[in-house]
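The values are calculated or read from the model by the stated rules, or taken from the named source; none is laboratory data. Computed from a predicted structure; not experimentally measured. Here the Cβ positions follow ideal geometry from the backbone for every residue, glycine too, while neighbour counts run over all protein chains shown.
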Amino acid sequence: MRQDRGFRVIGPAGAWAGRCVVIAGLLTAACVADRQNGGKHPPRLRRADSFLGIHFDFHAREDCKTVGSNTTPAMVAVMLDQVKPDYIQIDCKGHPGYSSYPTKVGQPVPGFVGDPLRVWRQVTAEKGVALYMHYSGVRDDAAVARHPDWAAVGADGKPNAKATSVFSPYADELLIPQLRELASVYGVDGAWIDGECWATVPDYGAKAAQAFRDATGFQDLPKKPADPHWFEFQQFHREAFRAYLRHYVSEVHKTNPQFQLCSNWAYTDHMAEPVSAPVDFLSGDYAPDDSVNSARLSARYLVRQGLPWDLMAWSFSRKQGKDGKSLQKSAPQLEREAAVVVALGGGFQAYFKQKRDGSIYPEQMPVMAETAKFCRERQALCHHAEPVPQVALLLSQAGHYRKINGLFNRELSSVSGVLQALLETQHSVEVVGEHQLAGRLSEYPLIVVPEWAYLEPSFKSDLVAYVKAGGNLLLVGPKSAALFQTELGVTLEGEPLAKPQTLTHSGASAPTKGFAQSVTLGAGAEAFGSLLSATNGVARPAASIASLGKGKIAATYADLGQSYSGVRNPVARGFLNALARKLVPEPMAEVAGSPDVDVCLMRKQGRLLVNLVNTSGPHQTEPIQATVEPVGPLAVTLRLAAKPAKITLEPGGQPLAFEYRDGAAKLTVPQLDIHRVIVVE
């Protein structure tokens, strides 16, 4: 071990191997606690079986000089007894790069009172609660300040003040050794690595530049999107991040195979692609404001990724009250955010701040305890349930990575807008990538392509084959339509223009934003709705529908996803719904009575679960709602192959009367507070 610019750093393989000899003779904090208790501590759940958690962090830095002064066993025990989580995550190393425990490997904060991490570990072990660390990975301000050669280099030749380079020794000399210290010395269960994919930036440093030239043969490094080979440059750095992730996870698992690792937002809608690293679970903290829409999208993508997953709500808003402090969310607000996630089969956690000394705010825990009770009432019913394929909304990896200029940034307004419009007309929707659809397109009655300008030719061929075999394809926006002109039987005129248009449907009108384009319909294409240009007043088809083989293909010639994102226009919503119903006139489930209800069709243990989530209220503009107003009554039609033995409303086991005729069960849900599940047996 060597001293290096303020860090106590362990080098890669050789130096760490020497330290392992010492660590091998140590009992972890958890093992010590187990021995003192006669080995009778309750077992802790693995993340794959965990459902409910709490996340604490405070991104410790140089101002923290008395960390641990108020971290007592009683403080931890009271919180755990109140909430009864399966796991907690606590601060360990935030974005500033300072560790909030007395690390022998990294950069500790200036002062400690005792060893707070041992307190957390001792009490969680005694309670049978798993303990994970919040650890900032690529983002580490202190590391790049002390090691400028570890920093990613910008196009201007200057070191980045926040982001490390995935080509630097950072992972081998700090990240991996510190994770091993946490696993081997403290016996924690795993780490939730923050500041990863979303913090990674293109690197113009010497190592990265040479690696790019060697990999591609291109000698000049592009510096902006208009430069040649920009897309290849971005793709090179995306793969570099994947290699970095595979490396450190594999290395930690070699010495600590039970240590569970997650890279925040990796392989989610932030990084919409197949899982290619041996991470143990997937997770992300969705937006603190407009959280319902953020969770809606993320949960619907994660459910098909094939790994255990959860999503984290912020327990507060970024908006501040009159006292200048962040606004804490109410229990109903958090329960509704949890319901969006739980309805899709996922786990839920909520984020609360720690004080600058590392202790928690105990006065905030009753809200989490109430939210936890709400979640636990639904756990047996919902956790690990799987979606029933209905509507597949494409989040295209190929289209997205060609559209964005960052590596893993999330500009998904088109996807989110279409998703919101479909959910608010009670379609059961999954958000899926090409890899999630591969080999199973035919399972979905409807596939929707939302404003993607590029699809891989092989995947386009798969979509065409799907339609010809009897599927239904809806293309939203002129750029998506342009990929399928022949199949649509239309001719697009000129180029898409971002000019104001008026959408007209069923006698009502609404403005649109984004791109629109004129179209000439062939003999086999049926016009649907109209677009009116503000410049010449000429009405043109807003959409078209055509038969293709045994199926149907439709397209809109305006970007209705962008139009609906952030503006819940009932005309645009009704238009998309009517178009979807033309393609699939009799879906498995229909719910009428309020647009403010998400429908999620799921299955678990042979039972059909019709999840109903109340999304009413101004959550797009008002992040804090003290209450959630009930909606209803709701008229429900379920098209089923046989008459159900019984139908109940859960939680509560309330029997629902129903009429079954012509393959459909009809029933009424009198009122929906936040989340209920119609269980069909």
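Remarks
- Index of the failed condition, Glu430 passing every other in (1) free of Cβ contacts under 8 Å to residues at least 60 places away in the same chain; (2) assigned by TED's automatic domain parsing to the domain that holds Val567: (1)
- When region 118-133 is limited to residues that are farther than 19 Å from His59 by Cα and not in a helix (DSSP H, G or I), the one that is nearest to the chain's Cα centre (by Cα) turns out to be Ala130.
Yes/no matrix, rows are residues, columns are (1) outside the structural domain of Pro500 (by TED's automatic domain parsing); (2) surrounded by 15 or more Cβ atoms within 10 Å (Cβ to Cβ):
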| residue | (1), (2) |
| --- | --- |
| Leu579 | no, yes |
| Lys582 | no, yes |
| Arg603 | yes, no |
| Asn614 | yes, yes |
| Pro623 | yes, yes |
| Ala635 | yes, no |
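- Those residues of region 58-104 which are touching a Phe, Trp or Tyr at 6+ places or on another chain (Cβ under 8 Å) and hydrophobic (A, V, I, L, M, F, W, C), in sequence order: Ala60, Cys64, Val67, Val76, Ile88, Ile90, Cys92
- Residue in region 607-620 that is at pLDDT 95 or above and either over 18 Å from Val341 (Cα atoms) or of a type in the set (D, E, K, R) (or both) present: yes
- Selection within region 71-97 - assigned to a loop (DSSP other than H, G, I, E, B) and out of contact with any Pro (no Cβ under 7 Å at 6 or more places or on another chain): Thr72, Lys84, Pro85, Asp86, Gly94, His95, Pro96, Gly97
- Pairs linking a residue in region 296-309 that is touching a residue at least 12 places away in the same chain (Cβ under 8 Å) and assigned to a helix (DSSP H, G or I) to a residue that is of a type in the set (Asp, Glu) and buried (at least 21 other Cβ atoms within 10 Å of the Cβ), with Cβ atoms under 6 Å and 6 or more positions apart or on different chains, are Leu297/Asp269; Ser298/Asp269; Arg300/Glu430; Tyr301/Asp269.
- In the set (1) surrounded by 22 or more Cβ atoms within 10 Å (Cβ to Cβ); (2) in contact with a strand residue (DSSP E or B) (Cβ under 6 Å, 6 or more places away or on another chain), the condition left unmet by Gly593 is number (1).
- Pairs with Cβ under 8 Å, 6+ apart, first in region 665-681 and farther than 13 Å from Leu634 by Cα, second surrounded by 20 or more Cβ atoms within 10 Å (Cβ to Cβ) and modelled with pLDDT under 95: Ile674/Val628
- Applying the set (1) crowded, with 23+ Cβ neighbours inside 10 Å; (2) of a type in the set (A, V, I, L, M); (3) within 29 Å of Val340 (Cα to Cα) to Ala481 leaves exactly one unmet item: (3).
- Considering residues of region 288-297 that are crowded, with 19+ Cβ neighbours inside 10 Å and touching a Ser or Thr at 6+ places or on another chain (Cβ under 7 Å) only, the residue farthest from Ser315 (Cα to Cα): Leu297
- Within region 107-149, the set of residues being touching a Gly at 6+ places or on another chain (Cβ under 8 Å) and aromatic (Phe, Trp, Tyr) comprises Phe112, Tyr132.
- The single condition from (1) within 30 Å of Val597 (Cβ to Cβ); (2) of a type outside the set (D, E, K, R); (3) over 27 Å from the mean Cα position of the chain (by Cα) that Val432 fails is (3).
- Pairs linking a residue in region 97-115 that is surrounded by 16 or more Cβ atoms within 10 Å (Cβ to Cβ) to a residue that is modelled with pLDDT under 95 and outside any loop (DSSP other than H, G, I, E, B), with Cβ atoms under 7 Å and 6 or more positions apart or on different chains, are Val105/Arg8; Gly106/Phe7; Gln107/Phe7.
- The residue pairs whose first member lies in region 579-590 and is of a type outside the set (S, T, N, Q), whose second member is assigned to a helix (DSSP H, G or I) and surrounded by 18 or more Cβ atoms within 10 Å (Cβ to Cβ), and whose beta carbons are closer than 9 Å, counting only pairs six or more residues apart or on different chains, are Ala580/Leu422; Pro587/Ala580.
- Qualifying residue in region 403-418 (condition: at pLDDT 95 or above, more than 25 Å from Ala199 (Cα to Cα) and touching a strand residue (DSSP E or B) at 6+ places or on another chain (Cβ under 9 Å)): yes
- Restricted to region 206-264, and to residues there that are among the hydrophobic types (A, V, I, L, M, F, W, C), assigned to a loop (DSSP other than H, G, I, E, B) and over 26 Å from the mean Cα position of the chain (by Cα), the residue that is nearest to Tyr135 (Cα to Cα) is Leu221.
- Subset of region 310-322 that is within 13 Å of the chain's Cα centre (by Cα) and touching a residue at least 60 places away in the same chain (Cβ under 8 Å) - its residue that is surrounded by the most Cβ atoms within 10 Å (Cβ to Cβ): Asp310
- Test: residue in region 490-499 that is within 16 Å of Phe575 (Cα to Cα) and out of contact with any helix residue (DSSP H, G or I) (no Cβ under 6 Å at 6 or more places or on another chain): no
- Taken as a whole, region 485-497 holds no residue that is in a strand (DSSP E or B), surrounded by 15 or more Cβ atoms within 10 Å (Cβ to Cβ) and acidic (Asp, Glu).
Listed here are the residues, each with its yes/no results for (1) touching a helix residue (DSSP H, G or I) at 6+ places or on another chain (Cβ under 6 Å); (2) closer than 25 Å to Tyr401 by Cα; (3) in a helix (DSSP H, G or I); (4) of a type outside the set (Gly, Ala, Ser).
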| site | (1), (2), (3), (4) |
| --- | --- |
| Asp149 | no, no, yes, yes |
| Asp156 | no, yes, no, yes |
| Val166 | yes, yes, no, yes |
| Ile176 | yes, no, yes, yes |
| Glu181 | no, no, yes, yes |
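- Here Leu532 fulfils each of the conditions (1) in contact (Cβ under 8 Å) with a residue 40 or more places away in the chain; (2) not in a helix (DSSP H, G or I) apart from (1).
- Residue count, region 654-681 (criterion: in a loop (DSSP other than H, G, I, E, B) and within 22 Å of Thr627 (Cβ to Cβ)): 4
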